[in-house]
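Following: one structure in structure tokens, then a few remarks.
The values are calculated or read from the model by the stated rules, or taken from the named source; none is laboratory data. Owing to the predicted nature of the structure, the values given are computational and were not obtained by experimental measurement. Counting neighbours? That spans all protein chains shown, and the Cβs are built from the backbone with ideal geometry, glycine included. Side chains are part of the model used for accessible areas, which takes the heavy atoms of the whole protein and leaves out ligands, DNA and RNA. Shrake-Rupley method; radii C 1.70, N 1.55, O 1.52, S 1.80 Å.
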Amino acid sequence: MRRALLAVVLVVAGCTSGGPAPAPSPSTPSAPPSPAASGRFQPGAAGAGDPYYPTYGNGGYDVASYQLRLRYDPAGNRLTATATIVATATADLSRFNLDLAGLTVQSVTVDGTRAASARDGNELMITPARGLAKGTRFTVQVAYGGRPGPVNPRLGAGGFLHDDGEAVALGQPESASSWFPVNDHPSDKATYTVEVTVPEGVSAISNGVLAGRSTADGWTTWRWEERAPMASYLATLAVGEYRVITGEHNDGKPVVTAVDSSLPAGGPADRAMARTTEIADFLATQFGPYPFDAYGGIVVDDTRVNYALETQSRPVYGPSFFLGPGDATWVVAHELAHQWFGDSVSVQRWQDLWLNEGFASYAEWLWAEHESGYPVEQAFLDEYERSGDEVWQVPPGDPGVENLFSRSVYKRGAMTLHVLRKTLGDDAFFRMLKEWPAQKRNGNATTAEFIAFAEQIAGTSLRSLFDAWLYQKSKPPLPQ
Ligand code: TRP
Ligand code: ZN
């Protein structure tokens, strides 16, 4: 579900990353009518063309929906699954790739016809019986299974984390390929249906709305629907013994929170989850209407998850946030702010991550002011004084892969927004905070687009502001 303009950007980026030349090569008039063998049809690129992560995602098609049918036994970490993927070719394809880490593929069909497939590392290469002409909508079905595991451990524990009869799938900047075949890049957002069958008594929590739950022969199937387009790294699945609380918010939308049963009942995790809608409602006063069909959160009890992640409509929180006596609402405010910034408006390329983390960090300051009267201005000044070289030497607008999740991206990103606020004035700034997610809702964005948007609101160039705060390797002076 990427928009036409963005598709063009991706194709261009794909060329620079060594993808196949899009120019058609001449085909002989007498060539046999096997499109896969003719020159017009070319393999889709093995990457989406992200400058920071060239191998992530793939080129040549645009996914509209994933339908995942999973049967998972958490005792033995055994997965049996089919994925049904509806996509549109954005080029004349002789073959195309999906990303899949580990696991075994049993069979692949394209539009119901058996397709050839081969594996090369985390790439699943699919050659349909006939080529797919640009603009064609097609359905891929992959039957697969095995014992899913972690991916990309260099970037913190992510992927499919199984331990002690429980499992959770999450991680950034990639994780989805650890549990289903996917175009694993945020530029290709899609809707999801996740149908998970687990032993009776075990919970299986995913994104969006719980559209059904039924039990037969000692197994329970949980059917989840995420109807708004979602970036693949925001898909999650938690399987285990959870205290699941379902309810309805005053806007009629369902609320599902799940806290691992091993965490103390009525403790800090339960209390923080219970404040989810209150915090979302506060953020809606700042950012405009909550962008999704459902609310919630999942608190896992796996110490490898030493972070939280803004998985769509249902963030996942590691256990460490809830060890102390406090309610740790700051992390809930952060992950819920991502529902607007990161989830509804997603990065087009990972370099622009400050568009997620800068806003989510700014939301922590807004929440702290609301909750405890600690002024945002003071939070900004404290951060400005406290920051050292690790912040000022790393430009949040182009931090480099090594520093993508660094303090600068979060805190200097938030400081950038506060300086923008001082420049625009409160009226225009808070108008901007609502209009940006409204305009980009369910889409993707780049920093250049944000700057253009802010300049439009300002009615003047903001070049020197953004240059100093996002792109220079030095400490900018405080605005006068
Ligand atoms: N994006 C997450 C947040 O800000 C935190 C995060 C950073 C993360 N790196 C990660 C999560 C790696 C999972 C994996 O809330
Ligand atoms: Zn964040």
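Quick notes
- Annotation: amide H of MET230 within the under-5 Å range of ALA190, THR191, sequence separation 5 or more or interchain, hydrogens built in the peptide plane.
- Rounded to the nearest 20, the size of the Cβ-charge dipole of the chain about its Cα centre is 1540 debye, with Lys and Arg at +1 and Asp and Glu at -1.
- Among 88-95, 335-342, 143-150, sorting by the average number of other beta carbon atoms lying within 10 angstrom of each residue, highest first, gives 335-342, 88-95, 143-150.
- When both bridge partners sit in the range 3-339, DSSP labels roughly 85% of those beta bridges antiparallel.
- Shape category assigned to the chain from the gyration tensor of Cα positions, a/c cut at 1.5: oblate
- For a modelled paramagnetic label at GLU390, 7 Å from Cα along Cα-to-Cβ, the residues of the range 338-379 in reach, with backbone nitrogen under 19 Å, are 354, 357-358, 361-362.
- Solvent-accessible surface (1.4 angstrom probe) belonging to TYR307, in square angstrom, nearest 10: 50
- Kyte-Doolittle mean at least -1.0, axial Cα span of 20 Å or more - DSSP H helices of the chain: 354-372
- Radius 13 Å from Cβ of LEU309, net charge of other residues (Lys, Arg +1; Asp, Glu -1): -4
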